[in-house]
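The block underneath contains the structure these notes are about, expressed in structure tokens.
The values are calculated or read from the model by the stated rules, or taken from the named source; none is laboratory data. From a predicted model like this one, the values you see are computed outputs, not experimental measurements. Here the Cβ positions follow ideal geometry from the backbone for every residue, glycine too, while neighbour counts run over all protein chains shown.
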Amino acid sequence: MLFQTKFLNVVDYFGIRLYLPPFINWVATDKDGTITGYATKPIVNEQTGCFSIVADSLEFYTTSGYIPLIRLDILQGDWRESCLSIKQLLWKKNHDLFKERSEV
């Protein structure tokens, strides 16, 4: 994490800095390179080559939220492994900053 406010989480996702609203809890890249932020954890849809939200009801679907962010060709590995939680990204950045400080 580069910084966090009540309005934005700023994270490093595979070398790209993303500015995300706080309701986005997951980020994933589809097979075509589209990076999307999700409020709930998406699942892999092999048929479409995209991540999808599974909704039990219309209310859940409308409150689950997602934002297509950008389309890039950044992934070196399997697109199905690209789904990361914002908590993971924030923890990693904070851990890396702590590691840098302790080495000084």
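Descriptive notes on the structure:
- Among the residues listed as K99, K87, the single one being among the basic types (K, R) and at pLDDT below 85: K99
- Counting residues in the stretch 17-33 that are modelled with pLDDT under 90 and of a type in the set (F, W, Y) gives one or more.
- Residues within the stretch 43-55 that are more than 12 Å from W79 (Cβ to Cβ), assigned to a loop (DSSP other than H, G, I, E, B) and either touching a Ser or Thr at 6+ places or on another chain (Cβ under 6 Å) or hydroxyl-bearing (S, T, Y) (or both), tallied: 1
- Near pairs, Cβ below 8 angstrom, 6+ apart or cross-chain, from the stretch 1-15 (more than 15 Å from T36 (Cα to Cα) and at pLDDT 85 or above) to any residue that is crowded, with 16+ Cβ neighbours inside 10 Å and of a type in the set (A, V, I, L, M, F, W, C): L8/L20
- Taken over the stretch 46-81, residues that are at pLDDT below 90 and basic (K, R) amount to 1.
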